[in-house]
Amino acid sequence: MSTPTVVAAPDGSSVVAPAVLVAVDASDEIGMGHLMRSLAVVEELVERGRPVEVLVPRHAPGWGRDRLEHTGAAVTDWTAGTSQLAERAVAAGLLVVDLPTEDLDRLPLAELEARAPTVVLDDEGGVRPVSAVSTSHPLGDELPWDTTPSTRRLVGVGHCLLRRAVRDQRPSAPSVPPRSAAIVLGGADVARLADRLAGALLDRDAIDVTVVAADADMAVRLAELDRSGRLHLVPGGGEPAPLLAAADLVVCTASTVMWEACSMGRVVATVPVVPGQVPFGRLAVDAGAVALLDPGDPTTDLHALLDDHERCRSIARGARALIDGRGVERLADAIDELGGHR
């Protein structure tokens, strides 16, 4: 049983830290990155003895809700919009918000911050002048971020929020040339990138390919590509950490899964599928940790990567060096420092 977190109150006395309310969104349309990132934070806070309640919309996939409940946090349907968020934040004492940027823009953050210290997990480096703690995941200071003196900024790859299942993985260096590959694109693959990428990998000799199939239609399409028995399909919603650790090459979107694969030192190739992912991909490429694939023609870039064995080794080394896996601890430390007290 976890020991309750003790923090300093404004008068200098020691008190038990208040509960934390986490508001998160997830769906097949926007993907699961927000939920998986919040899951890492919830895990850490629960382990530290914090009571945590998570507000999740009913349209979120059931497996995501199950993972949140598995942490020991209370999971509640988010049905009443901002009014429910404000009321619950006051009752809890501290608010963590992880939503798409367009939804954050519509939130009355000043009102929320007036009711309870507010932590904003903002994945596009947007303007959040009222939050007590803001963390851009994992963009750095080079992006615009206007704040007030009361705002604490936690930015950079040192604040990548990785789940316990990811941090527990310690795979050996990947084989080069890669003998196994994992394709993890998440959500609805409307451009059918998985089909093209899997086909390109199967055209090469001696690469076993595992694809996370988001739905039954994708699984049927992909199965038709396999003529050699080297294609393996796994349903979406499972724990991806062992899959990433077992693959020499990981092809993924420029989202949470990219940083997870980097932390394991895989050969990582990323294809941004929405505009908001582009800065993440560019940052990782500039750090020498990832190969960027053109969404319009990803197979040409993929073949070029696989033909360059030294580049593959360099990316794997750069990926492992980039992410130390302690980002969620740093964020939880900042939350503990906030204390949830006015």
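The values are calculated or read from the model by the stated rules, or taken from the named source; none is laboratory data. Computed from a prediction, not measured in an experiment: that's the story for all the values here. Every residue, glycine as well, gets a Cβ built from its backbone with ideal geometry; the counts of neighbours run over all protein chains shown. Just so you know, the surface numbers come from the protein's heavy atoms only, side chains and all, with ligands and any DNA or RNA stripped out. Shrake-Rupley method; radii C 1.70, N 1.55, O 1.52, S 1.80 Å.
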Dimensionless Rg/Rh of region 299-342, both radii on Cα and Rh by Kirkwood, sits at 1.41
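Sorted by accessible area (1.4 Å probe), largest first, how do 34, 70, 59, 232 line up?
70, 59, 232, 34
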Roughly speaking, to the nearest percent, how much of region 269-325's 1.4 Å accessible area is carbon and sulfur?
-> 53
Expressed in square angstrom to the nearest 10, the accessible area of residue 263 with a 1.4 Å probe stands at 30
DSSP-assigned coil residues among GluC sites (Glu not before Pro) in region 38-98, each with at most 15 further Cβ atoms within 10 Å | none
At what distance in nm do the modelled label points of residue 282 and residue 164 sit from each other, each positioned 7 Å from its Cα along Cα→Cβ?
-> 3.7
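Taking every pair of Cα atoms in region 189-237, average 1/r, invert it to obtain the Kirkwood radius, and report Rg/Rh to two decimals.
0.93
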Evaluated over region 194-342, the Cα radius of gyration and Dmax, each in Å = 17.1, 64
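Return an integer: the convex hull volume of the alpha-carbon atoms of region 165-265, in Å³ per residue.
Numbers: hull volume 9.2 nm³, N = 101.
Cα-based convex hull of region 165-265, divided per residue, equals 91 Å³.
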Note to self: Kirkwood Rh of region 53-105, Cα pairs, one decimal, Å, is 12.0
In terms of modelled amide H atoms, which long-range or inter-chain residues lie less than 5 Å from the amide H of residue 213?
-> 234, 236
Ratio to report: Rg/Rh of region 245-294, with Cα atoms as the point set and Rh obtained by the Kirkwood method; give two decimals.
-> 0.92
Set the Förster distance to 25 Å, then compute FRET efficiency between residue 321 and residue 179 from the Cβ-Cβ distance, nearest 0.05.
-> 0.60
Determine by what factor the alpha-carbon radius of gyration of region 208-272 differs from 2.2 N^0.38 Å, reporting the quotient.
-> 1.13
Cα extents of region 260-338 per principal axis, largest first, Å, are 48, 28, 16
Area accessible to solvent at residue 311, 1.4 Å probe radius, in Å² = 90
